[in-house]
Each structure stands twice: as structure tokens, then as C-alpha cells.
Amino acid sequence: MVSALRILVTGGAGFIGSALVRRLITQTPHEVLNFDALTYAGDLRSVAEAADHPRYHFVKADVRDRTAVRRAIADFEPDVITHLAAESHVDRSIDGPADFIDTNVVGTFTLLEEALAHWRARPAAERASFRFHHISTDEVFGSIAEGSFCETTPYDPRSPYSASKAAADHIVRAFWHTYGLPVIVTNCSNNYGPYHFPEKLIPLMIIKALAGEPLPVYGEGANVRDWLHVDDHAAALTAVFQRGEPGATYLIGARSPRTNLEVVRAVCACLDKLAPRQDGRPHAQGVSFVADRPGHDLRYAVDPSRLEDELGWTPGRTFEEGIEDTVQWYLANESWWRPILEHRYDGQRLGLAVPAR
């Protein structure tokens with residue numbers, strides 16, 4: 001029986017954060033404080049099923065706001081801080097890196113300082129059970145020609161986004177080595193699933209295909225990523241902060257590497273079955289190759305053996321099962337993504353269209 005914990009989730013209205021919040025409220029006894037600034041990618045509708053639960057709480061605030069962070073920690077007195085709040089889109093980091101440095105580096109440092117003060121103020125008997133869980137990305141390792149990243153792979157970030165996350169990872173580990181703050185770092189592969197913001201590859205392809213628009217794929221579509229369903233990621237995160245070792249790093253991946261072109265074709269195949277084009281042509285005929293983005297890493301792959309061996313986690317679905325579920329979700333939940341395109345997002349920036357009703 002898992003003891004109930006008080007868990008502060010930063011970025012709990014974002015894609016991965018909301019999946020974690022939904023899981024914690026519906027499948028665990030834990031109490032949750034969702035701490036989110038509700039920037040362009042944060043949406044409280046993503047946690048609607050948890051909103052009225054007595055174990056769920058919400059604070060609208062930014063991790064860069066030290067006063068707000070300090071107040072939330074003092075009021076909630078968390079046993080665990082799971083830090084997901086971050087700027088995360090590589091294209092946006094290329095266009096405007098300052099926000100990524102400010103949020104991902106300075107914001108993480110601010111949260112760490114306040115977490116350290118909170119940890120030191122806890123009764124001695126309760127300090128050992130505290131965790132600061134920092135959620136990061138496999139992009140910090142750069143590109144790998146073959147094989148897989150492991151926990152000891154040297155860092156080699158190639159974009160402002162991955163560089164900002166790498167910096168945050170190092171600062172988090174410094175607080176473990178210097179101050180003894182019980183931290184855990186996880187680096188995950190590419191996530192997909194429900195409530196994914198429309199600028200990301202899979203929802204972008206779904207929405208553009210429904211609009212009958214070209215499906216833009218960078219370069220020749222040869223870039224490889226390991227694809228992890230967001231609900232499987234949330235299950236892994238829960239296992240890590242409940243049973244992971246302080247000071248440890250765990251890589252989270254589903255052993256499902258696919259080229260971008262393979263992913264787009266898989267999306268198209270699902271749409272052919274679930275939402276065929278009126279002219280009868282396959283959706284994949286809409287694929288259009290566009291100029292590659294600067295610094296585009298060719299291949300990522302992670303080895304999740306430590307997580308599997310030590311904590312017993314394995315993904316609950318195959319890529320084929322997950323991608324079909326995801327396409328079905330977007331088809332059934334137009335009411336979630338349409339307002340984002342119509343009211344909250346600069347659609348012209350990435351050529352996002354609003355499909356006809």
C-alpha cells in the first residue's frame with residue numbers, strides 16, 4: 001500500500017504535467033498542487049477530470065516568481081516536487097531563446113533554492129522522504145549515430161532548448177552534491193498522446209490532414225526519435241518519485257524508434273481508416289518535404305534498462321496502439337484543440353490552419 005504524499009507539480013496544466021496530474025488524482029492516494037503559469041501551452045481543460053476532486057489544488061503562478069514559489073511551498077508543504085514547468089518547443093527556442101534560458105534555467109534555480117529551504121526546515125525524520133524530481137529530455141545528449149543513450153552518456157546539446165535543459169540538469173545535480181538535497185533526474189524520449197499542443201509533430205499532422213493541407217516534414221523525414229506515450233511516461237514518473245534513489249538519473253523511453261516520415265505515415269494510415277478523405281486518396285499523399293531546421297539532431301534513442309530493472313516499469317502500449325488511440329482522441333476532441341487554433345495561437349507562425357467544421 002502506497003502512503004499518501006503531498007505532491008507539487010510545476011507545469012501541471014501542460015502536456016506531460018497534466019497527464020501526471022490526471023494519473024495522480026485518479027490512480028493514487030496522493031494530494032496534488034498544480035502550479036502553472038498558464039502560458040500559451042498550459043490549459044486547465046487538460047485537467048478537467050481532476051478539477052473538482054478534494055485532493056486537487058491549483059495555483060496560477062510562474063516558477064520564476066520567487067515569492068509565489070515560496071508561498072506555495074509554505075502553504076502546501078510538499079513531500080515531493082515534480083518539476084515539469086518548461087519552455088519545450090525547439091522551433092520556438094531557435095526563434096526566441098531568451099524565454100528558454102529564463103524559464104528553464106533561472107526558473108529551475110529559483111525552485112531549487114526554495115525547495116532547499118523547505119527541505120532544511122522539515123523535521124529531521126521527514127527529510128529522507130523528500131524528493132525534488134526534475135523532468136528533462138533526451139535532447140541534452142545531442143545526436144547518436146547508433147545504439148542508445150544511457151545515464152552516463154556525455155551531454156552534447158545542439159539547440160537553445162536542449163542547452164537550457166542541460167544547464168538545468170547540471171544545476172539540479174549540483175544541489176544534490178553540494179547541499180544534499182534529495183534530487184532525482186529523469187530524461188525522457190519524445191512524448192505523444194492526448195492534449196498535445198497543436199504545434200508538435202503528431203497533432204500538427206492530424207489537424208493539417210483533416211484540413212486537406214500539405215503535411216510538412218523536415219528534410220527527408222529521416223530524423224529518428226523514440227516515441228513514448230504520455231500516459232506511460234506519467235506512470236514512469238510516479239514510479240520514480242515513489243521508489244527511485246536520491247541522486248539517481250533514470251532514462252524513460254519505450255524502445256520505439258521511428259523516423260519522422262514513418263510517424264507521419266502511421267498517422268496517415270490511422271486517418272485513412274478513421275477519417276478518410278472525401279476524394280478517396282490516402283492522406284500520405286499530402287506529405288511535403290520542407291527545408292530542415294537549424295541544428296536538427298538526426299537520431300535519439302534511450303536505454304531505459306535501469307528504470308525497468310530497478311523499478312519494474314515498462315510501457316503499457318505499443319506505438320501502433322498508442323498512435324491509433326491518439327488519432328481517435330483528436331478526432332473525438334475537436335472542442336479541445338479548435339479554440340487553441342482560433343483564439344490562443346499564432347497559427348500563421350507554423351502555418352497551422354483551422355479546419356472547416
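Listing for the model above:
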| quantity | calculated |
| --- | --- |
| Of residues in segment 158-188 being modelled with pLDDT under 95 and not in a helix (DSSP H, G or I), the one most open to solvent (accessible area, probe 1.4 Å) | Arg158 |
| Close pairs (9 angstrom Cβ cut-off, 6 or more residues apart or separate chains): without any contact (Cβ under 8 Å) to a residue 12 or more places away in the chain in segment 115-132, hydroxyl-bearing (Ser, Thr, Tyr) and part of a helix (DSSP H, G or I) anywhere | Arg120/Tyr179 |
| Qualifying residue in segment 71-78 (condition: modelled with pLDDT of 95 or more and within 17 Å of Pro157 (Cβ to Cβ)) | no |
| Residue within segment 83-102 that is in contact with a strand residue (DSSP E or B) (Cβ under 9 Å, 6 or more places away or on another chain), farther than 29 Å from His296 by Cβ and of a type in the set (A, V, I, L, M, F, W, C) present | no |
| Unmet criterion (only one of (1) modelled with pLDDT of 95 or more; (2) over 30 Å from Cys150 (Cα atoms); (3) open to solvent by 60 Å² or more (accessible area, probe 1.4 Å)) for Gln348 | (1) |
| Restricting segment 51-72 to residues that are in a helix (DSSP H, G or I) and in contact (Cβ under 8 Å) with a residue 40 or more places away in the chain, the residue that is most open to solvent (accessible area, probe 1.4 Å) | Arg70 |
| Residues being outside any helix (DSSP H, G or I) and surrounded by fewer than 16 Cβ atoms within 10 Å (Cβ to Cβ) - total across segment 33-50 | 3 |
| Candidates Arg6, Arg92, Arg22 - the one that is of a type outside the set (A, V, I, L, M) and closer than 17 Å to Arg131 by Cβ | Arg6 |
| Boolean, Ala117 is open to solvent by 40 Å² or more (accessible area, probe 1.4 Å) and in a helix (DSSP H, G or I) | yes |
| Of residues in segment 241-262 being crowded, with 24+ Cβ neighbours inside 10 Å and hydrophobic (A, V, I, L, M, F, W, C), the one farthest from Thr153 (Cα to Cα) | Ala254 |
| Flag if Gly280 is in contact (Cβ under 8 Å) with a residue 40 or more places away in the chain, assigned to a loop (DSSP other than H, G, I, E, B) and either farther than 30 Å from Gln27 by Cα or open to solvent by 10 Å² or more (accessible area, probe 1.4 Å) (or both) | no |
| Matching residues in segment 232-257 - criterion: being over 23 Å from Ala4 (Cα atoms) and assigned to a loop (DSSP other than H, G, I, E, B) | Gly253, Ala254, Arg255, Ser256 |
| Pick from segment 289-322, criterion of a type in the set (Gly, Ala, Ser), over 24 Å from Pro194 (Cβ atoms) and at pLDDT 95 or above, ranking: least open to solvent (accessible area, probe 1.4 Å) | Ser305 |
| Residue list for segment 189-203, filter: open to solvent by 20 Å² or more (accessible area, probe 1.4 Å) and in a helix (DSSP H, G or I) | Leu201 |
| Selection from segment 323-333 of residues that are assigned to a helix (DSSP H, G or I) and surrounded by fewer than 14 Cβ atoms within 10 Å (Cβ to Cβ) | Ala332 |
| Where a residue in segment 31-44 is in contact (Cβ under 8 Å) with a residue 40 or more places away in the chain and within 16 Å of Pro339 (Cβ to Cβ) and its partner, wherever it lies, is assigned to a loop (DSSP other than H, G, I, E, B) and among the aliphatic types (A, V, I, L, M), with Cβ under 6 Å and at least six apart | Asp43/Ala13 |
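The values are calculated or read from the model by the stated rules, or taken from the named source; none is laboratory data. It should be emphasised that the depicted structure is a prediction, and the values quoted were computed from it without experimental measurement. Virtual Cβ from ideal backbone geometry, glycine too; neighbours counted across all protein chains shown. Calculation scope for accessible area: heavy atoms of the full protein, side chains included, ligands and nucleic acids excluded. Shrake-Rupley method; radii C 1.70, N 1.55, O 1.52, S 1.80 Å.
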